[in-house]
Amino acid sequence: MSVPTPASTGMDEVGPKLRAVRESKNISVTELAGRAGITKGFLSLAERGKTRVSVPTLLRICDALDIAIGSLFTYPSEPVVHGGVPLYMGGNDLAEFLLTPVDEKHFQVMRSSMQPGGGSQGAYTLDADSIFVLVLHGRLSLEVGGKVVILDAGDSTTFSAREEHNWHNPLDIESQVLWVIAPALPLYKSQFSQSREAALPSEIASDARLDSGHGI
């Protein structure tokens, strides 16, 4: 299976897709950056695939464009999936793979391989009901609603997708995790889904550091 090279940001495919949507809606870089609570320079780098983006930041960009993050995915096209299709939902130092096809609406399965310290880079919610997570190898530090739980290999838990959560690999070795999201993340923006709150000052500061080449 393919794993991003150290020089890869994960935004190599997603960034140009975001730019294409922005241009099709006649939204300027300055306007979109303002809506998403990030700097114009950072957005420009992200659209060109030159910097990584946290999960909450990518979700805010999607909100600002009025698109669902599921519309950015490439889905498996064969009945038998070998390893999964590379996926990027934001985050740092990780490779993710989508295991379920586009026509599976009841649930969505993803696998994450996280390098030491890799993770979501912030708390976020998803437009779904429930998330099940199983640690396949290593360890996962998962924070849900302000409560942190440590999951080792073989451990699993289920929580509300609408509750703020963030996660990372606390070990100095790679960790692998299986996620099941139910129902599957939509391809189109739900008219009932709520826009996420504006970025916290600390996260905006993180974006600024990434913009200046000093990412975390």
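In the set Leu87, Leu32, Leu45, only one residue is within 16 Å of the chain's Cα centre (by Cα) and either farther than 21 Å from Asp12 by Cβ or surrounded by 18 or more Cβ atoms within 10 Å (Cβ to Cβ) (or both); that residue is Leu87.
In this structure, does Val53 turn out to be under 23 Å from Ala184 (Cβ atoms), crowded, with 21+ Cβ neighbours inside 10 Å and touching a residue at least 12 places away in the same chain (Cβ under 8 Å)? Yes, satisfied. Listed by position, the strands (runs of 3 or more DSSP E) enclosed by the stretch 109-159 that each have at least 2 residues that are more than 15 Å from the chain's Cα centre (by Cα) and without any contact (Cβ under 8 Å) to a residue 12 or more places away in the chain are 147-152. Of the residues making up the stretch 32-71, those that are more than 20 Å from Trp167 (Cβ to Cβ), assigned to a helix (DSSP H, G or I) and basic (Lys, Arg) are Arg35, Lys40.
Each reported figure results from applying straightforward, stated rules to the coordinates on display, with no laboratory input. Every value quoted in this text rests on a predicted model; they were computed, and no experiment measured them. FYI the Cβ positions are ideal-geometry reconstructions off the backbone, even for glycines, and counts take in every protein chain you see.
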